[in-house]
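To start, the structure under review is shown below, and the notes come after it.
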Amino acid sequence: MSDVLSGKVLTCKWVVLAVKRHKQDLKRFSGKGAEYYFDLEAGMRVIKFFEFLKHSKGEWAGQVFKLSPWQQFVVYIIFG
């Protein structure tokens with residue numbers, strides 16, 4: 001996330017806004033009694049789970065399914 005916000009990773013404005021919103025949400029919902037919480041470990045577990053999956057058909061059959069950085073971000077937010 002810091003690479004997107006610093007400009008190290010070039011993205012469209014919508015991705016930058018999504019990263020900013022997620023960062024704000026983390027601050028807003030931190031601490032005891034928060035309405036929602038973000039489980040960092042759960043998000044990482046799901047990303048690591050993808051390392052055990054393999055493509056079953058086509059050009060990449062048998063190869064490990066590797067998430068792109070943007071896919072990792074989406075999965076991390078959804079499952080964290």
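The values are calculated or read from the model by the stated rules, or taken from the named source; none is laboratory data. Since this is a predicted model, take the numbers as computed values, not measurements. Note: ideal-geometry Cβ built from the backbone for every residue, glycine included; neighbour counts use all protein chains shown.
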Considering only region 7-24, I want to know if a residue exists there that is assigned to a helix (DSSP H, G or I), farther than 16 Å from Trp70 by Cβ and modelled with pLDDT under 90. no
Looking at region 54-69 only, could you name the residues that are in contact (Cβ under 8 Å) with a residue 12 or more places away in the chain and touching a strand residue (DSSP E or B) at 6+ places or on another chain (Cβ under 7 Å)? Val64, Phe65
Condition (residue is loosely packed, with under 11 Cβ neighbours inside 10 Å, hydrophobic (A, V, I, L, M, F, W, C) and at negative phi) applied to region 52-63: is it met by at least one residue? yes
When (1) within 13 Å of the chain's Cα centre (by Cα); (2) surrounded by 12 or more Cβ atoms within 10 Å (Cβ to Cβ) are applied to Thr11, the one that fails is (1)
Which condition breaks for Lys48 when tested against (1) part of a loop (DSSP other than H, G, I, E, B); (2) out of contact with any Lys or Arg (no Cβ under 9 Å at 6 or more places or on another chain); (3) loosely packed, with under 11 Cβ neighbours inside 10 Å? (1)
